Amino acid sequence: MGVWYATREDVKGALDYAETARSDRRVDQAIEAASRWIEGFLHRRFYPEIATRYFDYPGQYARPWRLWLDDSELISLTSISSGGVTIDPATVFLEPNRSGPPYNRVELNIGTNSAFGGGQTTQRDITITGLWGYNSTDTAAAAAAAPAGSTDTTLTVGPADGIGVGQVLRVGSERMLVTGRSMADTGQTLQTPLDAQQKSVSVAVSDGTGFEVGEVLLLDSERMLVVDIAGNQLTVKRAWDGSVPAAHTGSAIYALRRLTVTRGALGTTAATISQGDTVYRWEVPGPVRTLCIAEALVTLMQQSSGYARTTGVGSSARQVGGGTIAKTQYGLSIESLREQAYTSHGRKARMRAV
């Protein structure tokens with residue numbers, strides 16, 4: 001799969017889907033399709049990726065100190081060379097400096113001796129290594145609960161804030177893609193018996209600081225969603241993810257904290273992870289994440305109806321799932337989200353002088 005702009009949990013939470021392998025596959029396909037569509041619609045990739053890219057010399061009619069990056073937007077520069085000659089990054093300006101990153105061009109400081117050119121041809125004369133994408137903003141989400149070697153593909157974390165399938169994580173300089181989640185023992189047990197009634201929503205634990213609001217717990221065979229925490233009492237939503245409510249006494253408490261990950265992703269190198277290392281999650285720009293969820297929802301609901309969903313009756317019936325306000329008077333919500341995302345995060349065309 002590619003990098004997603006929403007997690008499986010984002011979409012399933014909006015749909016209130018039960019946790020089944022069948023629904024997971026459908027949701028994953030919808031998110032993948034929505035993410036790739038967004039990249040085409042907004043003309044940019046948002047995730048951070050370390051890579052080396054090659055560019056032609058600007059040309060005899062262009063400003064010789066300026067290189068437009070076009071669709072290869074830069075977050076930070078590691079090294080740059082031209083014609084095989086290394087250019088000191090300190091003599092390079094990343095522009096626009098007032099609003100970047102992302103940066104759409106690099107300029108040489110004309111007060112120095114740095115210059116582009118010098119290769120045998122203009123093709124691929126300039127080589128740039130750096131962090132590419134829209135942003136690399138991330139937030140501390142959890143701590144590693146157990147060490148992991150550089151070849152391990154599972155990572156167990158502590159109480160996790162907003163980590164889901166499809167998330168881009170970072171530990172140190174390594175980035176990882178979350179491809180699955182499973183239950184891990186929290187080391188705590190139920191302190192007070194719990195009956196099978198839906199109205200019984202208070203779960204007593206020995207240490208409430210060991211949990212996070214939004215976590216999914218497993219007691220015996222029943223899943224529960226943590227909606228609030230007060231001291232050592234967890235307020236939960238019973239029978240979550242299609243499980244069946246049951247009575248529990250002294251049950252071990254498990255949580256979705258064992259992550260299946262793709263190591264060394266997005267140009268990084270897999271490294272050893274120590275217990276207690278901070279796990280960061282990459283923050284997708286808000287409008288992009290919202291649009292991805294919405295597009296995935298439209299796809300899933302259209303699939304369920306054989307792409308025949310309509311609104312209204314008779315002559316007022318309209319096809320669901322697209323169109324413009326002017327043409328169909330339908331799709332205002334999804335169209336508005338598309339327009340908002342394009343206005344705030346779409347890469348606009350650049351006019352070039354001949």
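The combined condition, being free of Cβ contacts under 8 Å to residues at least 40 places away in the same chain and crowded, with 16+ Cβ neighbours inside 10 Å, is fulfilled by Glu39. Within segment 222-268, the set of residues being among the small types (Gly, Ala, Ser) and modelled with pLDDT of 95 or more comprises Ala230, Gly231, Ala246, Ala247, Gly250, Ser251, Ala252, Ala255, Gly264, Ala265, Gly267.
When segment 51-79 is limited to residues that are modelled with pLDDT of 95 or more and touching a Gly at 6+ places or on another chain (Cβ under 8 Å), the one that is surrounded by the fewest Cβ atoms within 10 Å (Cβ to Cβ) turns out to be Thr78.
Within segment 181-202, is even one residue touching a residue at least 12 places away in the same chain (Cβ under 8 Å), within 20 Å of Val3 (Cα to Cα), in a loop (DSSP other than H, G, I, E, B) and small (Gly, Ala, Ser)?
no
Identify the residue in segment 81-117 that is closer than 24 Å to Thr137 by Cβ, in contact with a Gly (Cβ under 9 Å, 6 or more places away or on another chain) and in contact (Cβ under 8 Å) with a residue 24 or more places away in the chain and, among all such residues, is surrounded by the most Cβ atoms within 10 Å (Cβ to Cβ). Looking at the filtered set, the residue picked out is Pro102.
Conditions tested, residue by residue: (1) in contact with a strand residue (DSSP E or B) (Cβ under 6 Å, 6 or more places away or on another chain); (2) in contact (Cβ under 8 Å) with a residue 40 or more places away in the chain; (3) outside any loop (DSSP other than H, G, I, E, B).
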site	(1), (2), (3)
Val213	yes, no, no
Leu217	yes, no, yes
Val244	no, no, no
Gly250	yes, yes, no
Ala255	yes, yes, yes
Arg258	yes, yes, yes
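Among the residues making up segment 252-276, those that are surrounded by 18 or more Cβ atoms within 10 Å (Cβ to Cβ) and over 17 Å from Glu49 (Cα atoms) are Ile253, Tyr254, Ala255, Leu256, Arg257, Arg258, Leu259, Ile273. A residue that is touching a Gly at 6+ places or on another chain (Cβ under 6 Å), under 30 Å from Thr260 (Cβ atoms) and polar (S, T, N, Q) cannot be found anywhere in segment 19-36.
The values are calculated or read from the model by the stated rules, or taken from the named source; none is laboratory data. Worth saying up front: this structure is predicted, and the values here are computed from it rather than measured. Backbone-built Cβ (ideal geometry, glycine too); neighbour counts: all protein chains shown.
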